[in-house]
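As structure tokens, the structure follows; a few thoughts come after it.
The values are calculated or read from the model by the stated rules, or taken from the named source; none is laboratory data. From a predicted model like this one, the values you see are computed outputs, not experimental measurements. Because the Cβ atoms are built from the backbone with ideal geometry, glycine has one as well, and the counts that use them run over all protein chains shown.
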Amino acid sequence: MKANLGVLYLVFKHNRTPWYAKALIGIVISYALSPIDLIPDFIPILGYLDDLILVPGGIALAIKLIPDDVIAECREKQKIQPAFKMNGIYAGIVIIAIWLILLYLIVKQI
């Protein structure tokens, strides 16, 4: 799974990746990095079970939505390049923005 995360990062930046695959990658990564879970982690077993099912399942689905030639190209690029560095601040800003938008939409409906 760790190797697929690097490939997903490169695929996300690739210009031939379909928009719906990019959207799914963004959702999966946001969910994986988000402190808010579908089932809270303090609930025994079930709290971690959602992370063990949703994140790998989302990654597998995203990889199936991406054309094979794009995946192969990004895997080769990952082998050539040193490990990519992602700035956690930008990822945190994106996650917080997504949750704030969702919170706004929920409050607006009430």
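For every residue, the table says whether it meets (1) within 22 Å of Y20 (Cβ to Cβ); (2) surrounded by fewer than 16 Cβ atoms within 10 Å (Cβ to Cβ); (3) not aliphatic (A, V, I, L, M).
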{"position": "Y31", "(1), (2), (3)": "yes, no, yes"}
{"position": "L38", "(1), (2), (3)": "yes, yes, no"}
{"position": "D41", "(1), (2), (3)": "no, yes, yes"}
{"position": "L46", "(1), (2), (3)": "no, yes, no"}
{"position": "D50", "(1), (2), (3)": "no, no, yes"}
{"position": "G58", "(1), (2), (3)": "yes, no, yes"}
{"position": "D69", "(1), (2), (3)": "yes, yes, yes"}
{"position": "A72", "(1), (2), (3)": "yes, yes, no"}
{"position": "K79", "(1), (2), (3)": "no, yes, yes"}
statement: The number of residues in region 22-73 that are of a type in the set (D, E), closer than 23 Å to W99 by Cα and without any contact (Cβ under 8 Å) to a residue 12 or more places away in the chain is 1
- request: Enumerate the helices (runs of 4 or more DSSP H) found wholly within region 4-100, keeping only those where 3 or more residues are within 11 Å of the chain's Cα centre (by Cα) and either on the phi > 0 side of the Ramachandran plot or modelled with pLDDT under 90 (or both).
  value: 19-33, 46-65
- prompt: Does L10 fit the bill of being surrounded by fewer than 16 Cβ atoms within 10 Å (Cβ to Cβ) and either without any contact (Cβ under 8 Å) to a residue 12 or more places away in the chain or over 19 Å from L102 (Cβ atoms) (or both)?
  reply: no
